[in-house]
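Here's the structure we're looking at; comments come further down.
The values are calculated or read from the model by the stated rules, or taken from the named source; none is laboratory data. Computed from a predicted structure; not experimentally measured. Because the Cβ atoms are built from the backbone with ideal geometry, glycine has one as well, and the counts that use them run over all protein chains shown.
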C-alpha cells in the first residue's frame, strides 16, 4: 500500500500513463512487436517515426508494463501489451484510442462545471450534440467508437453469458436483445442455449449493416432475426429481454421509458436481464464508480446500485429478482420478472 504522498503523486500523473499508452496504440507500435525483440529504429522504419523519440516512448511503455526492454535496447510485448495489437482476438486498441482520444479527452474538462451546476453531458457542452449523434455525423469518431464497443463486447458478452448460468432460464424460448448491435451477445446466447430463438433489435441503420452481422457469419440465421426500430417507442414481443450496456447510457426517466416499452411487449415467462456495471457498497473500490464519472462527461447516463435498479424496475412494472456476477467480471447481470 502506497503512503499518502505516493498515492497522490500516482493519481496526479496517472494520465501520463494512459496518454503514453494512447500514443503507442495510435502509432501502431504494438502491431510491430511480438515475442521477438525489435529495436526502436526497426519499428520507426515501419511506422514512419523518429527513432530517437520513439525509443523514449517505447522505454516509457516498458515502464508501465506493456513492453519489455533488453540490454540491447530492443523490445518485446508483454501479455498486456499484446492486448493493444489490432489482430488480438480480445484487442483493446480501439478502446484505448476512444477513451484517450481527442473527443473524450476534451469532454472531461467540463467536469468541474458540471459538478457545480448539476447539469451533466460534457459531450453536449463541447460539441453541441449527443455522443451517439456525433458518432453518426463524424465517421472517424464513429469508426473508433464502434470498434471500441465491439472490442469491449468480447469481454462483456462472456461475463453476461457466464452470469446468466446463475439464473433460471426455464420457460424462455423467444428472446430479444434490445440495443443488440450486430448480434454479438445474441449469437453467444444462441450457442449457449439451444432452445432460444433470438431477435436482435437496434436502430435501422445498425441492423442494415449486413456485412457486420454475426448471425450469418456463425450460421445462426435460422434462429436469429434482425429488426430495426426505436426502443423508446416499441420493441418486438418476447419471453425475455436483454439490455446489455444500454441503461447506463440514459437518465432515470429515459430508462423508465425503455423499461415501460419492454414491459408492455413482454409475453410468456416475462423475464428481463440487465447487464451493466453495478455500484457496490460504499467502502468497496470499484471500476463502476469511476465509470460513473465518465458517464457524467459523456451523456445523460449513470452507473447504479442494485437497489437503484430495483426502484427503476418496480416503477415500470418489473420485479427485481437478483444480481449475478461472473468471477473476476466488472459487469453484473440483474434478473427481473414482469410484476
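When we screen 205, 197 for residues that are touching a strand residue (DSSP E or B) at 6+ places or on another chain (Cβ under 9 Å) and either without any contact (Cβ under 8 Å) to a residue 24 or more places away in the chain or over 22 Å from residue 272 (Cβ atoms) (or both), the only hit is 205. When residues in the stretch 315-331 are screened for being within 17 Å of residue 169 (Cα to Cα) and crowded, with 16+ Cβ neighbours inside 10 Å, 7 of them pass.
Scanning the stretch 118-134 for residues that are assigned to a helix (DSSP H, G or I) and closer than 13 Å to residue 107 by Cβ gives 122, 123, 124, 125, 126, 127, 131, 134. Given the condition in the same structural domain as residue 271 (by TED's automatic domain parsing), surrounded by fewer than 20 Cβ atoms within 10 Å (Cβ to Cβ) and in contact with a helix residue (DSSP H, G or I) (Cβ under 7 Å, 6 or more places away or on another chain), answer yes or no: does some residue in the stretch 199-212 qualify? So far as the stretch 199-212 goes, no, none of its residues is in the same structural domain as residue 271 (by TED's automatic domain parsing), surrounded by fewer than 20 Cβ atoms within 10 Å (Cβ to Cβ) and in contact with a helix residue (DSSP H, G or I) (Cβ under 7 Å, 6 or more places away or on another chain).
Whether any residue in the stretch 237-252 is out of contact with any helix residue (DSSP H, G or I) (no Cβ under 9 Å at 6 or more places or on another chain), without any contact (Cβ under 8 Å) to a residue 12 or more places away in the chain and surrounded by fewer than 16 Cβ atoms within 10 Å (Cβ to Cβ) is what I want to check. No, there is no match, as no residue in the stretch 237-252 is out of contact with any helix residue (DSSP H, G or I) (no Cβ under 9 Å at 6 or more places or on another chain), without any contact (Cβ under 8 Å) to a residue 12 or more places away in the chain and surrounded by fewer than 16 Cβ atoms within 10 Å (Cβ to Cβ).
In this structure, does residue 312 turn out to be surrounded by 18 or more Cβ atoms within 10 Å (Cβ to Cβ), closer than 28 Å to residue 100 by Cα, touching a helix residue (DSSP H, G or I) at 6+ places or on another chain (Cβ under 8 Å) and modelled with pLDDT of 95 or more? Judged against the criteria, residue 312 is not a match.
Taking the criterion of being closer than 19 Å to residue 84 by Cα and either in contact with a strand residue (DSSP E or B) (Cβ under 6 Å, 6 or more places away or on another chain) or surrounded by 18 or more Cβ atoms within 10 Å (Cβ to Cβ) (or both), the residues of the stretch 153-166 that qualify are 153, 156.
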